[in-house]
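Take a look at the structure set out below.
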Amino acid sequence: MSSSIVSPKKLFSIYKLPGFTFIAITCFVMLYAPIMILVGYSFNEGSSLALWEGLSLRWYYSAWQNEAVKDATLLSLIIALQASLYSTVLATMAALGTTRTRAYRGQTAIYAMINQPLMVPEIVTAVALLIVFATIKQATGYQGLSFLVIAHTAFCVPFAYLPIRARLEDMDRSLEIAAADLYATPWRCFRRVTLPLLLPGILAGAMLAFVISLDDVVITEFVKSAGQDTLPTFMLGQIRRVITPEMNAIASALLAVSVLMVSLIFLINRKKT
């Protein structure tokens with residue numbers, strides 16, 4: 001019998017496309033060069049935003065001594081912590097309800113509704129919440145932080161939901177089935193088997209929700225009452241009046257927090273080899 005030699009097919013690689021390296025480098029420069037400039041000028045000794053006058057931590061110290069910045073930062077942390085907690089609990093329940101059940105009619109629609117804040121422009125959500133909360137404020141006279149917490153929670157649910165659902169879909173159900181076979185109640189099975197395995201996804205979802213809430217401007221600007229400036233809205237108000245290197249320092253600090261949280265999310269979700 002005669003045998004024919006078949007040459008292996010060449011695998012497609014995007015790295016071999018003409019100009020890929022140049023386009024990739026250009027995109028990274030356009031994305032990160034402005035951020036690097038902002039971070040660099042946050043260490044500028046002088047008050048100019050365009051003239052370098054020496055290396056200094058002057059503006060970080062100025063921001064640290066600014067009572068308005070401290071109040072706005074504290075308020076941002078309070079809202080972000082509450083919103084991340086509530087949205088993670090809701091997202092965990094939603095993820096269990098859409099993955100640990102038999103297929104049912106309307107399951108896809110529920111999935112789309114949970115992720116609605118991701119698909120609809122944020123300004124639309126902000127205006128809708130403004131109308132609802134304005135009606136409640138007028139009827140009750142209540143002007144507290146609960147409106148901001150509820151708004152941030154509603155917006156953060158899909159961000160917490162996605163990593164939790166992804167973790168659930170990757171989990172091996174054999175352990176849960178084995179626990180059920182050993183007469184474990186649904187609650188005991190969840191507490192002893194599902195929850196420990198799901199914990200990395202829950203932590204990742206909570207941290208992602210925290211970052212999203214901490215950085216939010218649009219919804220906060222529409223929903224907040226007088227005297228409820230978070231750090232992003234405080235910065236926006238300051239920039240409208242006068243731009244100082246102190247804003248560069250605050251923005252750099254926010255960037256550092258965001259990078260730290262995203263790095264932790266990556267480390268938590270990293271697959272063990």
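Every number in this text was worked out from the coordinates using simple rules, so none of it is lab data. Quick caveat, the model's predicted, so the values are computed rather than measured. Positions of Cβ are generated from backbone atoms using ideal geometry, with glycine treated the same way; all protein chains shown enter the neighbour counts.
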Filtering the chain for DSSP H helices with an axial alpha carbon extent of at least 20 Å and a Kyte-Doolittle mean of at least 0.0 returns 20-41, 67-99, 122-140, 146-170, 195-215, 245-269
Could you check the simple spin-label distance between Leu118 and Thr185, using points 7 Å along Cα→Cβ, in nm with one decimal? 3.5
Taking a ≥ b ≥ c as the square roots of the eigenvalues of the Cα gyration tensor, with a/c under 1.5 meaning rounded and otherwise prolate when a/b exceeds b/c and oblate if not, the chain is oblate
Pick out which of Leu96, Leu75, Leu55 has the largest mean-square fluctuation in a Gaussian network model of the chain, springs linking Cα atoms closer than 10 Å. Leu55
FRET efficiency (Thr135, Tyr104; Cβ distance; R0 51 Å; to 0.05) is 0.90
Residue-count net charge about Ser84 - beta-carbon cut-off 13 Å; Lys, Arg +1, Asp, Glu -1: -2
Using a Förster distance of 30 Å, how high is the FRET efficiency between Leu81 and Asp170, based on the Cβ-Cβ distance and rounded to 0.05? 0.60
Among 13-19, 23-29, how do they line up by average Cβ neighbours within 10 Å per residue, starting with the highest? 23-29, 13-19
Cα gyration tensor of the range 95-226, axes a ≥ b ≥ c as square roots of the eigenvalues: rounded (a/c below 1.5), prolate (a/b > b/c) or oblate? prolate
Would the range 141-209 count as rounded, prolate or oblate if I go by the C-alpha gyration tensor, calling it rounded below 1.5 in a/c and otherwise prolate when a/b exceeds b/c, oblate otherwise? prolate
